[in-house]
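The values are calculated or read from the model by the stated rules, or taken from the named source; none is laboratory data. The model shown is predicted, which means the values in this text are computed figures rather than measured ones. Glycine gets a Cβ as well: all are built from the backbone with ideal geometry, and neighbour counts include every protein chain shown. Heads up: the accessible areas ignore ligands, DNA and RNA and are worked out on the full protein's heavy atoms, side chains in. Shrake-Rupley method; radii C 1.70, N 1.55, O 1.52, S 1.80 Å.
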Amino acid sequence: MIVEIEVDETAWKDLSDPEALLRRAAQATEAAVGRDLSDAVLTISLASDDEVAQLNQHWRNKTGPTNVLSFPAAPDMPLPPGEPRPLGDIILAAGVVTNEAARQNKSLEHHLVHLAVHGILHIMDYDHINEAQASEMESLEIDILNVLGIADPYRSNV
């Protein structure tokens, strides 16, 4: 998978080398799902809360920012010969992610990786609409994070 990363340097100034974190998250997710995505490009944007709030309002008709938005690309999109197939876009909101990490007693890096994995799984057609789907997706997230040396994000941090 080709991973393109865009970082709002002002909003995400507290992270050192977010690109490396996100590339590892994408590679581990691709490996865990077992799909060959070598011909696909994924875009991950580390954005400000304002940017995410605008997207959330426009595309989901919801007010305010959310931690992560996932926009899968249309699978039947016509492409010029030799062009990588777009997989989709993941957008993460700096303030929301930072505040959640602090409230949940997690490192910003670990929380960012978890949310990136979560968003990438959505791009790959995983969801948590019902309990069975949620259980499958959470289990996969836990396995992927374990490979990356990150503790189960769903267990209490007491």
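Going through segment 2-32 one residue at a time, which ones are touching a strand residue (DSSP E or B) at 6+ places or on another chain (Cβ under 7 Å) and open to solvent by less than 20 Å² (accessible area, probe 1.4 Å)?
3, 12, 18, 22, 26
Pick from segment 143-158 the residues that are in contact (Cβ under 8 Å) with a residue 12 or more places away in the chain and open to solvent by 50 Å² or more (accessible area, probe 1.4 Å): which of them is nearest to residue 68 (Cα to Cα)?
154
Out of the residues in segment 14-26 that are of a type in the set (D, E, K, R) and at pLDDT 90 or above, state the one that is farthest from residue 123 (Cα to Cα).
Of everything passing the filter in segment 14-26, 17 is farthest from residue 123 (Cα to Cα).
Quick check on my filter: what residues within segment 107-127 are under 19 Å from residue 19 (Cα atoms) and surrounded by fewer than 18 Cβ atoms within 10 Å (Cβ to Cβ)?
Correct list: 107, 109.
If you scan segment 128-142, which residues turn out to be surrounded by fewer than 14 Cβ atoms within 10 Å (Cβ to Cβ) and either of a type in the set (Lys, Arg) or not in a loop (DSSP other than H, G, I, E, B) (or both)?
131, 132, 133, 134, 135, 139
Quick check on segment 47-55. Is at least one of its residues in contact (Cβ under 8 Å) with a residue 24 or more places away in the chain and in a strand (DSSP E or B)?
So far as segment 47-55 goes, yes, one or more of its residues are in contact (Cβ under 8 Å) with a residue 24 or more places away in the chain and in a strand (DSSP E or B).
Looking at (1) open to solvent by less than 40 Å² (accessible area, probe 1.4 Å); (2) outside any helix (DSSP H, G or I); (3) within 19 Å of residue 96 (Cα to Cα), can you tell me which one residue 41 breaks?
Evaluating residue 41 over (1) open to solvent by less than 40 Å² (accessible area, probe 1.4 Å); (2) outside any helix (DSSP H, G or I); (3) within 19 Å of residue 96 (Cα to Cα) leaves (3) as the failure.
Just checking, how many residues over segment 44-70 are open to solvent by 40 Å² or more (accessible area, probe 1.4 Å) and either under 15 Å from residue 95 (Cβ atoms) or not basic (Lys, Arg) (or both)?
The qualifying residues number 11.
Does residue 117 count as of a type in the set (A, V, I, L, M), free of Cβ contacts under 8 Å to residues at least 60 places away in the same chain and assigned to a helix (DSSP H, G or I)?
Here the answer is no, as residue 117 does not meet what is asked.
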